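Q: This is the structure, below, for whatever I ask next.
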Amino acid sequence: MKHDLILRVAAKLLIPFILLFALYVQFHGDFGPGGGFQAGVIIAAAVIFYALIYGVEAARKAMPDRLVETMLASGVLIYAGVGLMGLVMGGNYLDYFVLDRDPVLGQHRGIFWVEVGVAVTVSGVMLKVFYMFVSRGRDPE
């Protein structure tokens, strides 16, 4: 598919909208269906779509293995950091109400950052699994 012009142009047009939809799902997660998990999968799907059209090596240049592995850890650290902020500010672990003077605003802030951590981790895991599957049977680099 590397040489199919129509698919390459369609991918260049669609991928930004796919990523924009992932952001919509991420930010709308507080108010309706969606959130971090779904947004992370959509982001990973956009990169996998890019890999299918332009090749895995091009995708690995755009999202290197090192970045994907960093995403795995940083998403968990964001999630855990929100929980620790609850402890530091006098509440329980993952107690969002203490994150702001207004408890409702604190809850929204805490949920938002937890969902960001989930999105980063899920996206990293999906991409790592994809990269592991496509590198099966090849010599390690």
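Every read-out reported here was derived from the displayed coordinates using simple, explicitly stated rules and does not represent laboratory data. Keep in mind that this is a model prediction, so the values were computed, not measured. For neighbour counting, all protein chains shown are included, and Cβ atoms are generated from backbone atoms with ideal geometry for every residue, glycine included.
Q: With +1 on each Lys and Arg Cβ and -1 on each Asp and Glu Cβ, and nothing else charged, work out how big the dipole of the chain is about its Cα centre, in Debye to the nearest 20.
A: With Lys and Arg at +1 and Asp and Glu at -1, about 480 debye.
Q: Would you work out which of Gly91, Ile42, Trp113 lies farthest towards the positive end of the dipole of the chain, given +1 charges on the beta-carbon of Lys and Arg and -1 on that of Asp and Glu, about the Cα centre?
A: Value: Ile42.
Q: Given (1) 41, 30, 24; (2) 57, 33, 19; (3) 50, 36, 30 as candidate values of Cα extents along the principal axes in Å, which corresponds to the one derived from the coordinates?
A: (2)
Q: Okay, moving on. Arrange the peptides 104-110, 117-123 so that the one whose residues have, on average, the most other Cβ atoms within 10 Å appears first.
A: Output ranking for 104-110, 117-123: 117-123, 104-110.
Q: Counting other Cβ atoms within 10 Å of each Cβ, which chymotrypsin sites (Phe, Trp or Tyr not before Pro) in the stretch 64-133 have at most 11 and sit in a DSSP loop?
A: Sites meeting the loop and neighbour criteria: Tyr93.
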